[in-house]
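S.K.: Structure below; questions to follow.
The values are calculated or read from the model by the stated rules, or taken from the named source; none is laboratory data. The structure presented is a predicted model; accordingly, all values stated were derived computationally and were not measured. Counting neighbours? That spans all protein chains shown, and the Cβs are built from the backbone with ideal geometry, glycine included.
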Amino acid sequence: MSEPLSIVVVEEDRDRAIAIVDALRDAGDHDVHVIGHATGLARKIAACQPDIVLIDIDNPTRDMLEELTLASGPLDRPVAMFVSGAAGGLARAAVEAGVSAYVVDGLLPERLTPVMDTAIARFQMMRQMRSELAETRRALEERKVIDRAKGLIMKSRRIGEDEAYALLRRAAMDQGRKIVEVAQALVTASELLS
Amino acid sequence: MKMLRLPIAYMPLVDAAPLIVAQEMGFAANEGLDLDLIAAPSWSSVRDMLAFGRVDAAHLLSPVPVAMALGMGGVSTALSAVMVLSMNGDVIGVSRRLEDLLRADGHPFDFRDPMAAGAALARVAPDGLTIGAPFPFSMHVELLHRWFEATPLAGIPVTIRTVPPPLMAEALADGEIDAFCVGEPWGSVSVEAGYGALLLPGRAIWSFAPEKVLAVRTDWAETEPHLLGRLMRAVWRASRWLANPDARTAASEILSRPAWLDLPPEMIDRALAGRLVVSSRGEERHVDRFVEFHGGATGFPWRSQAKWIGQRLAQRTGGDVTQAMARAGQVFRPDIYRKQLVGIGADLPGANEKVEGALHQPMPVPSVEGDVILQPDAFLDGHIFDPYDP
């Protein structure tokens, strides 16, 4: 049995951090640390001496980690974002899933792969959840705008809800636009005129 | 004409203007291109998106592709800098605490004299300084090192720490850093937030510093030469438009939109006009050519510029300087620039390299096309870099 890997996860959001840590611990007997706050990030990581650092690709504090790629002393272990040789495909998959990994030079691919597979799957899942959440929010916003537009039409034309919606839909079709766009235009116009 | 959608990564900065203007003012559309400009959260993200094929071109810090060619920074995909997008445009700023100390020391915040500013700063901070810069491989870091070497700052302990530009003002307020070197609008943002004062424009240290480049994957440049040519012509025409003083107000308005920089146009105009508010007292300072997109062969990627960067990186990290310069020189591509921009009015000098730092006055030089008048490119201390005799 080989030594457990030391992994640092950089993540501010507590729930997301826990989800990643749990997944990594399930995947193997790893030593996982979470760093939440960006202050002194590179120093904190260096103090942990990890084999692997995982960070969300959309995290703006990522550039602070680039300092790790410059070994500043003879005792420092150089760190690379793994792209070479066998790990090249893994790196591409990681970037697509939204995770960037910094790995100590010389870490064997067979030790790296299971960890990265787990991390990639987890980040992909979180990314999907985020985009679904954003989609739900957007749908909700659109509903609100359409409801307001319907209300405006019902009031000024003294017609029912179904009829008002049919009018909106026809206007949208005639203009080749989305219903929500027509509704938004109506709401904006009424705000200007009232 | 059917538009071809081309994904390009950029960082939301004033000097992303040539790409944004190319899209917004129709220069890209004239070439049949619809630029899908993707704002990146970090420079490492810009680099990775380009290296791993998520985008086909990028607005990139000029030292990044050079560092990659030297095997630094973990990602080693071969990139080519096909044109320089902007010259200068950085500012050096200090915390309010240092501002007070400097004023007590009699510093006028003239935003002009790098020697006096360096000497004053070394006097008021004898115990040392921590300075924030956006990325380990950046013109910001190179300018800071040149400034240290030429002034009494060489005599105090100075640490450069990477801080993403949007977090710079906060890091200054928290005392994480004492000073910074950053691209606009982030220096002005720090001043507006009341956290700092601007000490020097980047160009006071090197008056013709290639700041950002248009970078592509070298293999993509070889397989898609026609597409690359269309992109380069669109960007070159956008930079020519930006150089027209009458376009400045419109440019500030465009960049200020929520889709791009999402800041008041007045904040962006400071950099474009070279009129910077340097302190919370509202002192305004004027800098000629604060940031430049066009003219004086600005877009021409001189191999000597890349060699200078390569030499500096190798000297600091202990690499083989001769080899580093040779490799760096291959990253900037005057050959592609000449081939793609011939016949449209771009300045095409006769040479691919020049002595960096020798010009104190504008100087006409032999050219293949255009009347090429090189702009002053002097360093603060008269340093000369001869690519053939470094």
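S.K.: How many of the residues making up region B:212-235 are surrounded by fewer than 24 Cβ atoms within 10 Å (Cβ to Cβ) and within 19 Å of the chain's Cα centre (by Cα)?
M.R.: Looking only at that region, the number is 0.
S.K.: Mind checking which residues of region A:38-53 are more than 11 Å from chain B (Cβ to nearest Cβ) and either in contact with an Asp or Glu (Cβ under 8 Å, 6 or more places away or on another chain) or charged (D, E, K, R) (or both)?
M.R.: Across region A:38-53, the qualifying residues are A:Lys44, A:Ala46, A:Asp51.
S.K.: Are there any helices (runs of 4 or more DSSP H) wholly within region B:96-150 with 1 or more residues that are of a type in the set (Asp, Glu) and under 22 Å from the mean Cα position of the chain (by Cα), and if so which?
M.R.: Fully inside region B:96-150 and qualifying: B:139-150.
S.K.: Output the residues belonging to region B:55-91 that are hydroxyl-bearing (Ser, Thr, Tyr) and away from chain A (no Cβ under 14 Å).
M.R.: B:Ser62, B:Ser80, B:Ser86
S.K.: Another question about this same structure. Out of curiosity, is B:Leu60 part of a strand (DSSP E or B), assigned by TED's automatic domain parsing to the domain that holds B:Thr249 and either over 18 Å from the mean Cα position of the chain (by Cα) or charged (D, E, K, R) (or both)?
M.R.: Judged against the criteria, B:Leu60 is not a match.
S.K.: Continuing with this model, one more query. Which count do you get for residues in region A:24-40 that are at pLDDT below 80 and within 20 Å of the chain's Cα centre (by Cα)?
M.R.: Counting residues in region A:24-40 that are at pLDDT below 80 and within 20 Å of the chain's Cα centre (by Cα) gives 2.
S.K.: Hey, any hits in region B:35-54 for a residue that's within 13 Å of chain A (Cβ to nearest Cβ), of a type in the set (D, E, K, R) and within 20 Å of the chain's Cα centre (by Cα)? Working first, answer last.
M.R.: Here is the first cut: in region B:35-54, the ones within 13 Å of chain A (Cβ to nearest Cβ) are B:38-54.
When the remaining residues are screened for being of a type in the set (D, E, K, R), the result is B:47-48, B:54.
When the remaining residues are screened for being within 20 Å of the chain's Cα centre (by Cα), the result is B:47-48.
Scanning region B:35-54 turns up at least one residue that is within 13 Å of chain A (Cβ to nearest Cβ), of a type in the set (D, E, K, R) and within 20 Å of the chain's Cα centre (by Cα).
S.K.: Which is within 14 Å of chain A (Cβ to nearest Cβ) and farther than 30 Å from B:Pro126 by Cβ, of B:Arg161, B:Arg217?
M.R.: B:Arg217
S.K.: Go through region B:161-211 and give me each residue that's of a type in the set (Ser, Thr, Tyr), buried (at least 23 other Cβ atoms within 10 Å of the Cβ) and touching a Lys or Arg at 6+ places or on another chain (Cβ under 9 Å).
M.R.: Matches in region B:161-211: B:Ser188 only.
Condition check ((1) surrounded by 14 or more Cβ atoms within 10 Å (Cβ to Cβ); (2) within 20 Å of the chain's Cα centre (by Cα); (3) farther than 18 Å from B:Val213 by Cα) across all residues:
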residue	(1), (2), (3)
B:Thr317	yes, no, yes
B:Asp320	no, no, yes
B:Val331	yes, yes, no
B:Pro366	no, no, yes
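S.K.: Among the candidates B:Asp347, B:Asp335, single out the residue that is modelled with pLDDT under 95 and acidic (Asp, Glu).
M.R.: Unique residue meeting the criteria: B:Asp347.
S.K.: Right, next: Scanning region A:123-146 for residues that are surrounded by 13 or more Cβ atoms within 10 Å (Cβ to Cβ) and either acidic (Asp, Glu) or touching a strand residue (DSSP E or B) at 6+ places or on another chain (Cβ under 8 Å) (or both), which turns out nearest to A:Leu90 (Cα to Cα)?
M.R.: Top of the filtered list is A:Phe123.
S.K.: Kindly indicate whether B:Ser76 is among the hydroxyl-bearing types (Ser, Thr, Tyr) and assigned by TED's automatic domain parsing to the domain that holds B:Met325.
M.R.: yes
S.K.: Out of the residues in region B:277-291 that are among the β-branched types (Val, Ile, Thr) and part of a loop (DSSP other than H, G, I, E, B), state the one that is farthest from B:Pro185 (Cα to Cα). If you could, list the steps in order and put the result at the bottom.
M.R.: The initial filter retains those residues of region B:277-291 that are among the β-branched types (Val, Ile, Thr), namely B:277-278, B:287, B:291.
Narrowing further to those that are part of a loop (DSSP other than H, G, I, E, B): B:278, B:287.
Details: B:Val278: 12, B:Val287: 15 Å.
Checked region B:277-291; the qualifying residue farthest from B:Pro185 (Cα to Cα) is B:Val287.
S.K.: Shifting gears a bit: Restricting attention to region B:78-109, which residues are surrounded by fewer than 21 Cβ atoms within 10 Å (Cβ to Cβ) and either under 18 Å from B:Tyr10 (Cα atoms) or without any contact (Cβ under 8 Å) to a residue 24 or more places away in the chain (or both)?
M.R.: Scanning region B:78-109 gives B:Asp100, B:Arg103, B:Ala104, B:Asp105, B:Gly106, B:Pro108.
S.K.: Residue pairs, Cβ under 9 Å, 6 or more apart or interchain, first in region B:252-268 and more than 25 Å from B:Ser279 (Cα to Cα), second part of a loop (DSSP other than H, G, I, E, B). List them.
M.R.: B:Ile254/B:Met25; B:Ile254/B:Trp260; B:Trp260/B:Pro12
S.K.: Which condition breaks for B:Leu60 when tested against (1) surrounded by 24 or more Cβ atoms within 10 Å (Cβ to Cβ); (2) farther than 21 Å from B:Arg5 by Cα; (3) not polar (S, T, N, Q)?
M.R.: (2)
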